1. Quick test of your reading of the structure: A36 fulfils all but one of (1) in contact with a Lys or Arg (Cβ under 8 Å, 6 or more places away or on another chain); (2) away from the ligand (no atom under 11 Å from the Cβ); (3) modelled with pLDDT of 95 or more. Name the failing condition by number.
2. Do the conditions hold for V300, that is, is it in a loop (DSSP other than H, G, I, E, B), closer than 15 Å to I21 by Cα and among the hydrophobic types (A, V, I, L, M, F, W, C)?
3. Say we look at the range 231-264 and pick out the residues that are open to solvent by less than 50 Å² (accessible area, probe 1.4 Å) and small (G, A, S); which of these is farthest from the chain's Cα centre (by Cα)?
4. Looking at T325 and the list (1) under 16 Å from L293 (Cα atoms); (2) over 22 Å from the mean Cα position of the chain (by Cα); (3) of a type in the set (S, T, N, Q), which single condition is not satisfied?
5. Checking the conditions here, which among G42, G28 is within 11 Å of the ligand (Cβ to nearest atom), loosely packed, with under 14 Cβ neighbours inside 10 Å and either modelled with pLDDT of 95 or more or not acidic (D, E) (or both)?
6. Taking the range 315-334, which residues are open to solvent by 10 Å² or more (accessible area, probe 1.4 Å), among the hydrophobic types (A, V, I, L, M, F, W, C) and within 15 Å of the ligand (Cβ to nearest atom)?
7. Given the condition crowded, with 20+ Cβ neighbours inside 10 Å, within 14 Å of the ligand (Cβ to nearest atom) and within 26 Å of H329 (Cβ to Cβ), answer yes or no: does some residue in the range 1-20 qualify?
8. Away from the ligand (no atom under 14 Å from the Cβ), touching a residue at least 12 places away in the same chain (Cβ under 8 Å), of a type outside the set (D, E) and at positive phi, is that true of G312?
Amino acid sequence: MTASAAFLDACRRRPTAFTPIWLMRQAGRYMPEYRAMRARHGFLELCRNPQAAAEVTLQPVERLGVDAAILFADILLVLEPLGVGLEFNRGEGPHIARPVRSAIAVERLPRVDVEADVGFVFETVRRARKALADRVPLIGFAGAPFTLASYLIEGGASREFLETKRFMRAERGAWHSMLARLAAITADYLNGQIAAGAQAVQLFDSWVGALSPADYREFVLPHSRAVMAALTPDVPIIHFGVGTATLLASMKNAGGDVIGLDWRVELGAAWDELGHHVAVQGNLDPAVLFSSLGEIRAGVRRILDAAARRPGHIFNLGHGVHQETPVEHVKALVDIVHDLSAR
Ligand code: CP3
């Protein structure tokens, strides 16, 4: 079986010959070939250059031998046309110069036309598909409405999400209209990626673990569900968040063929709770990649044992690869997963 078929079969819980693997943030600063590109281009400039972005998309496939490629882009690209002043400053992560913190500011957000405003991402998808020539499938992605809203409101990274949680309750109407807007933009953005050739999509609700289950159900679930319900049918959807142990059942309820698990949960217990009619992705702690190959192997074995060779497990890290990670350990991880799961 080809890797490409195995990955998509796993999303649909059909049996595969081995456990397919891809890695969150499989491209990035831990790769010398990515750093070489970044020495010549700014991050947003790279994203806006389909030729270069397609090249970065393929780098991990060539170097690591993963079973799927993830589009090189960013969840925050769709916020740029909102005119909020998105920037990526070296070493500091994303920054939004004009955060959105009032009902008036929500109303004034301009319309987004994804073809006109982020069409370069769709062109990257077309070029990456062509260069991949069906060796492995291409995964597109977007941020979920909550995670996007948290950047718009906080203006950047946050630990406590206090502004977001204040806004949610103080401006309930504006909150729901903002999330509905973001849901519509995200659905258009993902459907554009699918039309351009993305074979699966991942919805990143990275920071939703900051919420209680009750808040998730009231403030987030309807909007994440609206995104997934609006997507082109028959394209597998991976739904992922961090710190979601108490939210998994609600996230499944919102949608997704595959639920992404972060490393804090026991994969076996989480899958039992979700039910085996949904596929799961995960969930090695990315920090294990700083340990010896023996430790990495033991970590992989624990996860494969927990998945118990059920159809519908895709191996992944429980979150993104850290930039200081030795690239040869990332390559060893891919080989170990293939080796242990093929036995
Ligand atoms: O190979 C891949 O994984 C695909 C590319 C990808 C990027 N961002 C490129 C990127 C993906 C899937 C993302 C998703 C993304 N972006 C998420 C969700 C995933 C997660 O980690 O939970 C989030 C929250 C973002 C927002 C974002 N973009 C942050 C917080 C940062 C700073 C991170 C850091 O390490 O500094 C970015 C920048 C970013 N996006 C980089 C890359 C390769 C590093 C930028 C650089 O080269 O300077």
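The values are calculated or read from the model by the stated rules, or taken from the named source; none is laboratory data. Not measured: the values here are computed from a predicted model. Here the Cβ positions follow ideal geometry from the backbone for every residue, glycine too, while neighbour counts run over all protein chains shown. The protein model used for the area step is the full one, side chains on, heavy atoms only, and it has no ligands, DNA or RNA in it. Shrake-Rupley method; radii C 1.70, N 1.55, O 1.52, S 1.80 Å.
1. Result: A36 fails condition (1) only.
2. Details: in a loop (DSSP other than H, G, I, E, B): no; closer than 15 Å to I21 by Cα: yes; among the hydrophobic types (A, V, I, L, M, F, W, C): yes.
Criteria not met by V300.
3. The first filter runs over the range 231-264 and keeps only residues open to solvent by less than 50 Å² (accessible area, probe 1.4 Å), leaving 231, 235-244, 247-248, 250-251, 254-256, 258-262.
Now narrow it down to the ones that are small (G, A, S): 241, 243, 250, 254-256, 260.
Numbers: G241: 8, G243: 14, S250: 18, A254: 16, G255: 15, G256: 13, G260: 9 Å.
The selected residue is S250.
4. (2)
5. Numbers: G28 fails: loosely packed, with under 14 Cβ neighbours inside 10 Å.
So the residue among G42, G28 that is within 11 Å of the ligand (Cβ to nearest atom), loosely packed, with under 14 Cβ neighbours inside 10 Å and either modelled with pLDDT of 95 or more or not acidic (D, E) (or both) is G42.
6. First, pick out the residues of the range 315-334 that are open to solvent by 10 Å² or more (accessible area, probe 1.4 Å): 319-324, 326-329, 331-332.
Checking which are among the hydrophobic types (A, V, I, L, M, F, W, C) leaves us with 321, 327, 332.
If the condition is that a residue be open to solvent by 10 Å² or more (accessible area, probe 1.4 Å), among the hydrophobic types (A, V, I, L, M, F, W, C) and within 15 Å of the ligand (Cβ to nearest atom), then V321, V327 are the ones that fit.
7. No, the range 1-20 has no match at all.
8. Details: away from the ligand (no atom under 14 Å from the Cβ): yes; touching a residue at least 12 places away in the same chain (Cβ under 8 Å): yes; of a type outside the set (D, E): yes; at positive phi: yes.
Judged against the criteria, G312 is a match.
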